[in-house]
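Data block below; observations after.
The values are calculated or read from the model by the stated rules, or taken from the named source; none is laboratory data. No experiment lies behind these values; they were computed from the predicted model shown. We place every Cβ from the backbone using ideal geometry, glycine too, and count neighbours over all the protein chains shown. Note: areas computed on protein heavy atoms with side chains; ligands, DNA, RNA excluded. Shrake-Rupley method; radii C 1.70, N 1.55, O 1.52, S 1.80 Å.
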Amino acid sequence: MKILVCISHVPDTTSKINFTENDSAFDSNGVQYVINPYDEFALARAMWFKEKQGASITVITVGNAGTEPSLRKALAIGADDAIRIDAEATDGFFVAKQLAEVAKSNGYDLILTGRESIDYNGAMVPGMLATFLDYNFVNACIGVEIENNTATAIKEIDGGSETLSTSLPLVLAGQKGLVEEKELRIPNMRGIMMARKKPLSVVAAIETEATTKSVRFEKPEEKSACKMVAASDIDGLIDLLHNEAKVI
Amino acid sequence: MSVLVFAEASEGKFKKAALEVVSYGKKIAEQLGTELVALTINASNASELASYGAQKIIKVTQDNQESFDAKCTATTIKEVALKEAADVVIIDSSSNGLYVAPIVAAQLNAGYASNVIDVPSSTQPFTVKRKAFSNKAFNHTEISTAVKVIGLAKNSFGIVENSTTATEEDFTSTATASGVSSTALNKASGQVTIADADVVVSGGRGLKGPENWGLIEDLAEVLGAATACSKPVSDLGWRPHAEHVGQTGKPVASNLYIAIGISGAIQHLAGINASKVKVVINTDPEAPFFKAADYGIVGDAFEVVPQLIEKLKVFKANN
Ligand SMILES: Cc1cc2nc3c(=O)[nH]c(=O)nc-3n(C[C@H](O)[C@H](O)[C@H](O)COP(=O)(O)OP(=O)(O)OC[C@H]3O[C@@H](n4cnc5c(N)ncnc54)[C@H](O)[C@@H]3O)c2cc1C
Ligand SMILES: Cc1cc2nc3c(=O)[nH]c(=O)nc-3n(C[C@H](O)[C@H](O)[C@H](O)COP(=O)(O)OP(=O)(O)OC[C@H]3O[C@@H](n4cnc5c(N)ncnc54)[C@H](O)[C@@H]3O)c2cc1C
């Protein structure tokens, strides 16, 4: 089985979110970048297939040279090779088109992505990618088994889960549940050494129009101070929630 | 020209999110000076949408669309969008909405903005405000394609009544079942889900152990609320993973979020920031959650919450 894992290179979850250039760009000053947490679950599940059922794993990202540490990390975890599509990822539609182009020529059986990126939270690349490739697609995937050409996937739905039956080739947008948190992989020394010798190819982006454009960022307004209520004054709290906040 | 909303029905009935996209769509149709068209699939009371501003209601009642199939639904939306020459297509952020919207956008070659929280600030160029960085910031995004797809964030616009006379029309889609089929559904019935709840009661490690969750459940019951928890609580197996909220869990956009024994770590806050009113109950006055909350009580959950439950019961009986 040939697996492609799509990696988004994002600011880590504790990063301070600030903007520069008149609020038109994200301020990456002092920001630590990591593999998107959802993509880590996808990669760990890919490793499970590789070890248990036999599979090759390619990791791919659309980004500039600055995103390569995330690809190297994925190689150190155990991916076999990496591809960087050399372009600024400014629009999910654009990213999906780029990924589709490479996927089309290399022919993967299974494409694993995260449910959404934790920076722009688009939740759009996986569904668009599947549509451009005309592959089957399962969103919000919390479990998958593959037997020959058939896949059984579990999808999270509002208030529960749903079991789906489908077939390869397949795009899965995954999250926790694909593997448990404790099964996430941390690269070891040997992996890191080996990763240096694994192929990381850089391919040029294809011409395609962006469909959206970021105009400006904005930070939420400073919150007004928290109103403190004494632990002995539960009636006071109920009164505030009823008469002031009007939520009960 | 038209604005098309997909008003999703669940077991025939419209959820809050469906009425919200219709209300929101009406506002955009007014901005653009065009008609609001609502698409429904197997809804039992499609006419209801006229009360929220739909001027034309398109009804698909096909057996092959009885159970939700994302690609099939997306194709139906695309067909109607083309037929109605829609400039803007609006979809909610339920789990099904999030599943179909990117497929619709790709099929229509349309720019898609998800997590949108307001009507366009300008229609020429078409610019919307969306949440980004897990609620830590907003982005003003310009959609430059002829057809625009908007994913409306939950509970961001509200439901606005706007009584209209609507025409109704049946439509038969050519969409066929996709290669993904449902074999089992595992859904607790009659329970309020985090996604739909107006009120969410959430517990953290401060509650000490799963045996104390009766407090959370009882409080939730009085308020008709959904229950949630912090990440360590689900990691420890005290509560199911589906209740884990935060940046790497479920997002919460309720009217009221009550956090009990939760410290307010940045990753937790990121997921619940979109809630309108936040109440925190914590023994530690220095807990970071107090900086993010609207109302706070410094106190022991085991003393405060039982009192709150009792007093709320009295309040509910009188209101
Ligand atoms: C308004 C706006 C402004 C932006 N501005 C910039 C900018 O100035 N500079 C910049 O670098 N980026 C920018 N981006 C981010 C860029 O759009 C994202 O990297 C990419 O488009 C996907 O983001 P998403 O949140 O839509 O991904 P989602 O659809 O939420 O991602 C889901 C999954 O798709 C895969 N995926 C997502 N992105 C990539 C990728 N790049 N390569 C491989 N796989 C991927 C991952 O598996 C991920 O888990 C911007 C995004 C938006 C919405
Ligand atoms: C990559 C990453 C992603 C993460 N994603 C998430 C996420 O999505 N969601 C999430 O929740 N966390 C997430 N976390 C974890 C987060 O950093 C915190 O560790 C976590 O939120 C803390 O949970 P807690 O508040 O329940 O526990 P604690 O931080 O231990 O806080 C317990 C609180 O209870 C109070 N307390 C104790 N006794 C009582 C009592 N009797 N009555 C009242 N209060 C009491 C204490 O004062 C304390 O403030 C993530 C972390 C990382 C690194």
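Specify the angular offset, from 0 to 90 degrees and rounded to the nearest 10, of the alpha carbon long axis of helix B:16-32 from the longest principal axis of the alpha carbons in chain B.
Here the helix axis deviates by roughly 50 degrees.
Would you mind working out the accessible area per residue for region A:103-200, using a 1.4 Å probe, and quoting it in Å²? Working shown, then result.
Working: 4100 Å² over 98 residues.
Result: 42 Å² per residue.
What nm distance separates the two modelled labels at residue B:181 and residue A:134, each placed 7 Å from Cα along Cα→Cβ?
Simple spin-label model gives 2.1 nm for this pair.
What residues of region B:126-143 lose no less than 30 Å² of accessible area with every protein chain in place versus their chain by itself (probe 1.4 Å, heavy atoms only)?
B:130, B:133, B:134, B:136, B:137, B:138, B:139, B:140, B:142
Straight-line reach only, C-alpha to C-alpha below 20 angstrom: list the aspartates and glutamates that residue B:148 could link to, leaving out same-chain residues fewer than 8 apart.
Here the aspartates and glutamates satisfying the reach criterion relative to residue B:148 are A:91, A:209, B:8, B:20, B:30, B:35, B:79, B:84, B:87, B:92, B:118.
In whole percent, how big is the carbon plus sulfur part of the accessible area of chain A, probe 1.4 Å, protein atoms only? Write out the running numbers ahead of the final one.
Details: 5340 of 11030 Å².
C and S atoms contribute 48 percent here.
Can you list the HN-Hα couplings for region B:250-258, worked out from phi with the Karplus curve (6.51, -1.76, 1.60; θ = phi - 60°), rounded to whole Hz and with x for Gly and Pro?
7, x, 10, 9, 8, 6, 9, 10, 10
List every residue whose amide H lies under 5 Å from the amide H of residue A:216, counting only residues 5 or more places away in sequence or on a different chain, with H placed 1.01 Å from N in the peptide plane.
Result for residue A:216 returns B:140.
To the nearest hundred square angstrom, how large is the accessible surface buried between A and B, total for both chains, probe 1.4 angstrom?
Numbers: alone 14320 and 15420 Å², together 23210 Å².
The contact between B and A buries close to 6500 Å².
Report, in debye and to the nearest 20, how large the dipole of chain B comes out about its Cα centre when Lys and Arg carry +1 and Asp and Glu carry -1 on their Cβ. If you can, show how the numbers build up before the last one.
Working: 28 positive and 33 negative charges, 134 e Å.
Roughly 640 debye for chain B.
Once phi is turned into ³J(HN,Hα) by the Karplus curve 6.51 cos²θ - 1.76 cosθ + 1.60 with θ = phi - 60°, what whole-Hz value does each residue of region A:6-11 show in order, with x for glycine and proline?
Ordered by residue, 3J(HN,Hα) equals 8, 10, 10, 9, 10, x Hz.
For chain B, which whole-number percentage of the solvent-accessible area (1.4 Å probe, protein heavy atoms only) is attributable to carbon and sulfur atoms?
Values: 5950 of 12180 Å².
For chain B, the apolar C and S fraction of the accessible surface comes to 49 percent.
Using the heavy atoms of the protein chains and a 1.4 angstrom probe, tell me the accessible area per residue for chain B in square angstrom. If you can, show how the numbers build up before the last one.
On the way: 12180 Å² over 319 residues.
Heavy-atom accessible area per residue stands at 38 Å².
With label points built 7 Å along Cα→Cβ from the Cα atoms of residue A:147 and residue A:167, find their separation and express it in nm.
1.5
Roughly how far apart, in whole Å, are the Cα centres of region A:1-53 and region B:14-88?
Result: 35 Å between the Cα centres.
Can you list residues whose amide H is under 5 Å from residue A:140's amide H, if they're 5+ apart or on another chain and H is modeled 1.01 Å from N?
For residue A:140, whose amide H was placed from the backbone, the distant partners under 5 Å are A:173.
Of B:289, A:7, A:77, which is farthest towards the positive pole of the protein assembly as shown's charge dipole, taken about the Cα centre with +1 and -1 on the beta-carbons of Lys, Arg and Asp, Glu respectively?
A:77
Pop out a list of residues from region B:163-208 that are at least 20 Å² less accessible with all the protein chains around than in their chain alone; 1.4 Å probe, no ligands or nucleic acids counted.
Buried on complex formation: B:179, B:180, B:181, B:182, B:183, B:184, B:185, B:186, B:187, B:193, B:195.
Using 0.36 nm per residue, how much length does the chain from residue B:317 to residue B:31 gain when fully extended, once their Cα-Cα distance is taken away?
Details: separation 286, 0.36 × 286 = 102.96 nm, distance 4.35 nm.
That pair, residue B:317 and residue B:31, stretches by 98.6 nm at full extension.
Can you give the FRET efficiency to the nearest 0.05 for residue B:310 and residue A:204, using r as the Cβ-Cβ distance and R₀ = 51 Å?
Numbers: r = 68 Å, r/R0 = 1.33.
Using R0 = 51 Å, I get an efficiency of 0.15.
So, with +1 on the Cβ of K and R and -1 on the Cβ of D and E, and no other charges, what is the size of the charge dipole of region B:199-317 about its Cα centre, to the nearest 20 debye?
Using only the charged Cβ atoms, the result is roughly 340 debye.
May I ask you to find the residues of region A:170-216 that are shielded by at least 40 Å² of accessible area once the whole protein assembly is considered instead of their isolated chain (probe 1.4 Å)?
SASA drop of 40 Å² or more in region A:170-216: A:176, A:181, A:211, A:212, A:213, A:215, A:216.
So which residue, out of A:196, A:72, A:216, gets the largest mean-square fluctuation from a GNM of chain A using Cα contacts under 10 Å as springs?
Answer for the Gaussian network model of chain A: A:216.
Per residue of region B:36-45, in order, report the coupling 6.51 cos²θ - 1.76 cosθ + 1.60 (Karplus, θ = phi - 60°) as ³J(HN,Hα) in whole Hz, putting x for Gly and Pro.
Taking θ as phi minus 60°, the curve returns 9, 10, 10, 9, 10, 10, 6, 8, 7, 10 Hz for region B:36-45.
Would you look at the GNM of chain A, springs on alpha carbons closer than 10 Å, and say which of A:79, A:231, A:153 moves the most?
Result: A:231 has the largest fluctuation of those listed.
Using the alpha-carbon centroid of each, what span in Å lies between region A:127-168 and region B:199-233?
Each part reduced to its Cα centre gives a spacing of 31 Å.
Run the dipole for region A:2-221 about the Cα centre, Lys and Arg Cβ at +1, Asp and Glu Cβ at -1, nothing else charged, and hand back the magnitude in debye, nearest 20.
Numbers: 22 positive and 30 negative charges, 173 e Å.
That gives region A:2-221 a dipole magnitude of about 840 debye.
If you average over every viewing direction, what projected area does the convex hull of the Cα atoms of region B:199-317 give, in nm²? Don't jump to the answer; show the numbers that get you there.
Working: hull surface 25.4 nm².
With the hull built on Cα positions only, its mean projection is 6.4 nm².
Would you compute, for the Cα atoms of chain B, the largest minus smallest coordinate along each principal axis and list the three values in descending order, in whole Å?
Ordered largest first, chain B gives principal extents of 60, 42, 41 Å.
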